[in-house]
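Asker: Here it is, the structure, as structure tokens.
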Amino acid sequence: MKNIVLENFRELSNVPRCSFDQKRINEYLVNKAKELGLEYDVDDELNIVIRKPATEDKKGHPGVILQGHMDMVCEKEDDSDHDFTKDPIEFIEKDGKLTANKTTLGADNGIAIAMGFAILQDENLSHPDLELMITTNEEVGLIGANAVSEDFLKGKYLINVDSEEEGIMTCGCAGGNTLNSEFAIKREDFGKYFYRIAINGFRGGHSGQDINKNHLNAIESTVKILKELSTRHNLRIVSLNGGTKHNAIPRNCELIIASEDEIKDEELNVDGFKQVEKKMEFKFEQVDEKTPMDEQSTEHILNFLTTIPNGVVDMVKGNADLVETSLNQSIAKTEEDKFVFMVSIRSSVLDKIKEVEDLITNTTKSNNGIVESEGFYEPWEYREDSELRDKCLKVYKEVTGKDMQVNVIHAGLECAVFSKKYPDMDMISIGPDMTGVHTPKETLDLESTARVYEFLKKLVESL
């Protein structure tokens, strides 16, 4: 039997769709809508909604929105020559699992698009008015969702297909913000010895869902090495560069320093890191002379880096398994005259987001830096009464014979934005089993995908 979901996913994976590069995938979606003879709207942010009228037996029923995002996190292994701007994602199917060849797979969130179109393509499905809404730039701060107008959608029920564990329905999520701290730097001649310290091969992971799983942050680990060396040597920072995405735990980091005296190999003990990150690669080598930051610039940046937190800040009181507030040291970037550091804050409590924002802002300003905020989004609060949630629980039990778990997650979902724009809209989030999202280890379980799609069809038919 033809697997229409997988066929759709393979087809769209031929089209580049990194964040901020979605014109081509938008054109692909428009053409798919035209092929199906369906109405569609595209807004200024390239968000698209495709509409299919209700079948005769469901006319007058509240409309249903299927929702996902078109962009993917574009990460690859260090030895991969994949070009995300033009190369199709190369699938590897083995033992019922789908991965990509040394890159992210893009099932987050291409699988939502694939399932959405499969629903639209099914001429035997009984359904209310359907809308498939696919947003842009979700992975870089829910930008597309934030741009959606209050009259873009018409339905009452919204089913977001951006969760990653079968049998779990998400009905609330953390809010958050991304902050960029920028420091002007001056450089001067200094030092007799120049060294490069490089960490590679950390597991990385999703900065929300994996933040409490003891995945080391390559930037934070490198800073720990820097701090330790600074207590024994008069040194200056030349550059610190690590991380690639605000919502991914950094897997790699490189530090270059200048020192007045020689640093010995045995001073850098990274055994503790290797016990946690089994595939860690570490390199310490002498390099050619560089022009480092001056003493004041080094002092300010080192003080900032060693003061700000990383990882879990608070757990939910009474629930040791649920993170309330966290911070991910996301990206460090050094240029000739400035140093920029990005952090990603998440919390299910608005006041805690503000509290961490204030900490980062005050620490930045006290070290002569400036702060810019981007991508703020409020939490999606759990709704006490939800017809859609109740229906979902009932249908899942009927289809699988199992009880579905209801959860609130420590990750950002576009439902948080839509719940403010459409306060009367009833919404949930579901999805098939996926692991390793936002890393080249991203894996989609194909049997789970098939089951979730069949459940999604039954859910739509029941509404």
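The values are calculated or read from the model by the stated rules, or taken from the named source; none is laboratory data. Computed from a predicted model, the values in this text were never measured in an experiment. Because the Cβ atoms are built from the backbone with ideal geometry, glycine has one as well, and the counts that use them run over all protein chains shown. Remember, those area values only see protein heavy atoms, side chains included, never the ligands or the DNA or RNA. Shrake-Rupley method; radii C 1.70, N 1.55, O 1.52, S 1.80 Å.
Asker: Hey, can you tell me all the residues within segment 334-346 that are open to solvent by less than 20 Å² (accessible area, probe 1.4 Å) and within 15 Å of residue 305 (Cα to Cα)? First the steps, then the outcome.
Answerer: The initial filter retains those residues of segment 334-346 that are open to solvent by less than 20 Å² (accessible area, probe 1.4 Å), namely 339, 341, 343-346.
If the condition is that a residue be open to solvent by less than 20 Å² (accessible area, probe 1.4 Å) and within 15 Å of residue 305 (Cα to Cα), then 339, 341, 343, 344 are the ones that fit.
Asker: Filter segment 202-220 down to the residues that are in a helix (DSSP H, G or I) and buried (at least 24 other Cβ atoms within 10 Å of the Cβ) and list them by number. Outline the logic, then answer.
Answerer: The initial filter retains those residues of segment 202-220 that are in a helix (DSSP H, G or I), namely 218-220.
Hits for segment 202-220 are 218, 219.
Asker: Any idea which of (1) in a strand (DSSP E or B); (2) without any contact (Cβ under 8 Å) to a residue 40 or more places away in the chain is the one residue 151 doesn't satisfy?
Answerer: (1)
Asker: Hey, another quick one. Find the residue count for segment 429-451, including only residues that are crowded, with 24+ Cβ neighbours inside 10 Å and either over 17 Å from the mean Cα position of the chain (by Cα) or among the polar types (S, T, N, Q) (or both).
Answerer: 3
Asker: Give me a count of the residues in segment 324-333 that are modelled with pLDDT of 95 or more and either among the acidic types (Asp, Glu) or surrounded by fewer than 21 Cβ atoms within 10 Å (Cβ to Cβ) (or both).
Answerer: Matching residues across segment 324-333 total 1.
Asker: Additional query: Do you know which residues across segment 23-45 are open to solvent by 10 Å² or more (accessible area, probe 1.4 Å) and either modelled with pLDDT under 95 or touching a Leu at 6+ places or on another chain (Cβ under 9 Å) (or both)?
Answerer: Taking segment 23-45 first, the residues open to solvent by 10 Å² or more (accessible area, probe 1.4 Å) are 23-24, 26-28, 30-32, 34-45.
Those that are open to solvent by 10 Å² or more (accessible area, probe 1.4 Å) and either modelled with pLDDT under 95 or touching a Leu at 6+ places or on another chain (Cβ under 9 Å) (or both): 23, 26, 28, 32, 36, 38, 40, 42.
Asker: Hey, does segment 166-179 have a residue that's part of a loop (DSSP other than H, G, I, E, B) and closer than 23 Å to residue 72 by Cβ? Steps first, please.
Answerer: Going through segment 166-179, the residues part of a loop (DSSP other than H, G, I, E, B) turn out to be 166-167, 174.
Checking which are closer than 23 Å to residue 72 by Cβ leaves us with 166, 174.
The answer is yes, given that some residue of segment 166-179 is part of a loop (DSSP other than H, G, I, E, B) and closer than 23 Å to residue 72 by Cβ.
Asker: Assess whether residue 70 counts as being at pLDDT below 95, of a type outside the set (Lys, Arg) and either open to solvent by 90 Å² or more (accessible area, probe 1.4 Å) or in contact with a strand residue (DSSP E or B) (Cβ under 8 Å, 6 or more places away or on another chain) (or both). Walk me through how you get there before you give the answer.
Answerer: Working: at pLDDT below 95: no; of a type outside the set (Lys, Arg): yes; either open to solvent by 90 Å² or more (accessible area, probe 1.4 Å) or in contact with a strand residue (DSSP E or B) (Cβ under 8 Å, 6 or more places away or on another chain) (or both): yes.
For residue 70, the condition - at pLDDT below 95, of a type outside the set (Lys, Arg) and either open to solvent by 90 Å² or more (accessible area, probe 1.4 Å) or in contact with a strand residue (DSSP E or B) (Cβ under 8 Å, 6 or more places away or on another chain) (or both) - is not met.
Asker: Does residue 205 qualify as being touching a strand residue (DSSP E or B) at 6+ places or on another chain (Cβ under 9 Å) and modelled with pLDDT under 95?
Answerer: On the way: touching a strand residue (DSSP E or B) at 6+ places or on another chain (Cβ under 9 Å): yes; modelled with pLDDT under 95: yes.
Judged against the criteria, residue 205 is a match.
Asker: Next question, about the same structure. Taking strands (runs of 3 or more DSSP E) that do not extend beyond segment 22-133, which have at least 2 residues that are farther than 25 Å from residue 415 by Cα and touching a residue at least 24 places away in the same chain (Cβ under 8 Å)? Let's see the steps before the verdict.
Answerer: Numbers: elements: 39-42, 48-52, 64-69, 91-94, 97-100.
Per the criteria, 91-94, 97-100.
Asker: Quick check: is even one residue across segment 180-198 within 21 Å of the chain's Cα centre (by Cα) and within 24 Å of residue 434 (Cα to Cα)? Show your work before the answer.
Answerer: First, the residues of segment 180-198 that are within 21 Å of the chain's Cα centre (by Cα): 180-181.
Adding the requirement that they be within 24 Å of residue 434 (Cα to Cα) leaves none.
No: segment 180-198 contains no residue that is within 21 Å of the chain's Cα centre (by Cα) and within 24 Å of residue 434 (Cα to Cα).
Asker: How many of the residues making up segment 285-321 are at pLDDT below 95 and touching a Lys or Arg at 6+ places or on another chain (Cβ under 7 Å)?
Answerer: Residues meeting the conditions: 1.
Asker: In addition: Since residue 53 meets every condition but one in (1) open to solvent by less than 70 Å² (accessible area, probe 1.4 Å); (2) farther than 17 Å from residue 12 by Cα, which condition does it not meet?
Answerer: Here residue 53 meets the rest and fails (1).
Asker: Looking at 344, 419, which is the one that is assigned to a strand (DSSP E or B) and hydroxyl-bearing (Ser, Thr, Tyr)?
Answerer: 344
Asker: Is it the case that residue 258 is under 34 Å from the mean Cα position of the chain (by Cα) and either open to solvent by 10 Å² or more (accessible area, probe 1.4 Å) or not basic (Lys, Arg) (or both)? Walk me through it before giving the result.
Answerer: Values: under 34 Å from the mean Cα position of the chain (by Cα): no; either open to solvent by 10 Å² or more (accessible area, probe 1.4 Å) or not basic (Lys, Arg) (or both): yes.
Here the answer is no, as residue 258 does not meet what is asked.
Asker: Starting from residues that are in a helix (DSSP H, G or I), in contact (Cβ under 8 Å) with a residue 40 or more places away in the chain and under 24 Å from the mean Cα position of the chain (by Cα), keep the ones in segment 347-400 and report whichever is surrounded by the fewest Cβ atoms within 10 Å (Cβ to Cβ).
Answerer: Filtering first and then ranking leaves 350.
Asker: Another question about this same structure. Of (1) in a loop (DSSP other than H, G, I, E, B); (2) under 14 Å from residue 222 (Cα atoms), residue 329 satisfies all except one. Which?
Answerer: Here residue 329 meets the rest and fails (1).
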